[in-house]
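Any read-out appearing in this document is the output of simple, stated calculations on the displayed coordinates, not a laboratory observation. What you are looking at is a predicted structure, and each value in this text was computed from that prediction instead of being measured. FYI the Cβ positions are ideal-geometry reconstructions off the backbone, even for glycines, and counts take in every protein chain you see.
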Amino acid sequence: FLGLPEEIRRDVNKSKGSMISRAVLAGIASAIALEQMAPIRRKNLASLSITENLLQRGNKLYLGYNEDETKNEINIEFELPEETVDILAWYVREWRPLLLSEPSDALFPGENGKAKNPNTLSVQVKNVIKRYLGIEFNMHLFRHAGGKIFLDARPGQYEVIRRVLAHVVISRLTSKR
C-alpha cells in the first residue's frame, strides 16, 4: 500500500497507453501519495491549489488549508516528506500540463480550468487501488488507515491523530463502533 505511488509511477513511465490516460494515472499516484502523508478530506484534495495550498518554505514543501477551507474550520498544515514532494514534482512537471484545457492552479484540473470534481477524483482513486491492490478502499479510509497505522506504532497518542485528522473532539477517535 505504501509503495503504491511509486509502483504507479513506474507503470506510467513505461506504459505505451495514451498520453492522457497516463497523465490521469500520474495524477492519481500523486493523490494517493498526498493522502498517505496528509489524510485530508476528498473535497480538500480535489480543490487543492498549487499556488494557495502548496507552500514552499526554504527547502521544505507544506500542504496547508486555512480554517475557511476545512469542514471543522481548523487550519491544517502538513510538512510533506521528500518522497511525496518527488511524486508531486514529477506529476506537475511531466503530466499535469497534458490535462489542462486552459490555465488553472488546480493540482488536479477538471473542465474549464476548474478543479476536478471530488466524486470523480474519489472514484478514480478507488478504481486504481482496486486494480493494483485488489482491495476496496475509498477516499475516507485514508483517514482511518493513517490513524490506525500511527496508533499501532504509538499507542495512546490520540491527541496527535485528533490534530492530524482535524477532529474537534477526541471522542470520535476512542469510541468503539
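Numerical summary
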{"quantity": "Overall Cα dimensions of segment 1-137, principal axis frame, Å, largest first", "calculated": "42, 33, 31"}
{"quantity": "C-alpha center-to-center spacing [segment 33-52, segment 82-138] in angstrom", "calculated": "10 Å"}
{"quantity": "Amide proton proximity set for Leu80, modelled H, under 5 Å, gap of 5+", "calculated": "Leu61, Tyr62, Leu63"}
{"quantity": "HN-Hα J in Hz across segment 95-101 - Karplus 6.51, -1.76, 1.60, θ = phi - 60°, x for Gly and Pro", "calculated": "10, 4, x, 6, 9, 8, 8"}
{"quantity": "Segment 1-40 residues near the modelled Lys130 label - backbone nitrogen below 18 Å, point 7 Å along Cα→Cβ", "calculated": "25, 28-29, 32"}
{"quantity": "Amide proton proximity set for Glu52, modelled H, under 5 Å, gap of 5+", "calculated": "none"}
{"quantity": "Per-selection metrics, segment 1-58 (Cα): Rg and Dmax in Å", "calculated": "12.9, 38"}
